[in-house]
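Shown next, in structure tokens, is the structure this report addresses.
The values are calculated or read from the model by the stated rules, or taken from the named source; none is laboratory data. Since the model is a prediction, treat every value here as computed from it, not as a measurement. Ideal geometry is used to build each Cβ from the backbone, glycine not excepted, and the neighbour counts take in all protein chains shown.
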Amino acid sequence: MNSMTAREAQAVEAALDRFQDEQGALLPLLHAVQDTLGYIPKQATPTIASAFNLSRAEVHGVITYYHHFRQTEPAQHKLALCQAEACQARGCRSLTEKAEAALGCNLGEHTKDNRWELEPVYCLGLCASGPAMELDGKLYARVTPERLESLIRKKELS
């Protein structure tokens, strides 16, 4: 198994220093690491497990149970497309096909250069004005394939 980078090790150590002696502090520690790095390194699992007297499987189970936590470095841009029924009824499938073709990756994947990640979501709270998407934290409603392509082009140029 690969070891953590100095930056990763420093983030994990800082979180452990802050939370190790608190009972039930696994979730706050994981949030702290992810807030610092943008992800929780897989290589940190044994260190965290040991510090909390847990098995690696228990720590891994918590990390993978919660959708918020990630174990890989995030891409530069995140495009999340709603796949819920309301957005399906309003054309999210054609939007998804357009995004996959434009980015060159499938839903749930990153581009090879890690510039983009294309993620499915199952409700952005814009059900009456779908299809909906989130691009780098900003919500968009009534998205057409043409608008999607335009937004991707603008991000590519930035």
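Annotations
- In region 84-101, the residues that are outside any loop (DSSP other than H, G, I, E, B) reach residues that are surrounded by fewer than 14 Cβ atoms within 10 Å (Cβ to Cβ) with C-beta atoms within less than 6 angstrom, at least six apart or across chains, in these pairs: 100/106.
- Just one of the listed residues (141, 128) is touching a Ser or Thr at 6+ places or on another chain (Cβ under 7 Å) and over 17 Å from residue 101 (Cβ atoms), and it is 141.
- Hey, residue 32 assigned to a helix (DSSP H, G or I) and either β-branched (Val, Ile, Thr) or in contact with a Ser or Thr (Cβ under 9 Å, 6 or more places away or on another chain) (or both) or not: no
- Test: residue 72 is outside the structural domain of residue 109 (by TED's automatic domain parsing) and either buried (at least 16 other Cβ atoms within 10 Å of the Cβ) or among the small types (Gly, Ala, Ser) (or both): no
- Close Cβ contacts (under 9 Å, 6 or more residues apart or on different chains) running from residues in region 146-157 that are under 11 Å from residue 99 (Cβ atoms) to residues that are of a type in the set (Gly, Ala, Ser) and part of a helix (DSSP H, G or I) comprise 148/99; 148/102; 149/99; 149/102; 152/99; 152/102.
- For region 23-43, the count of residues that are surrounded by 13 or more Cβ atoms within 10 Å (Cβ to Cβ), without any contact (Cβ under 8 Å) to a residue 40 or more places away in the chain and over 29 Å from residue 120 (Cβ atoms) is nonzero.
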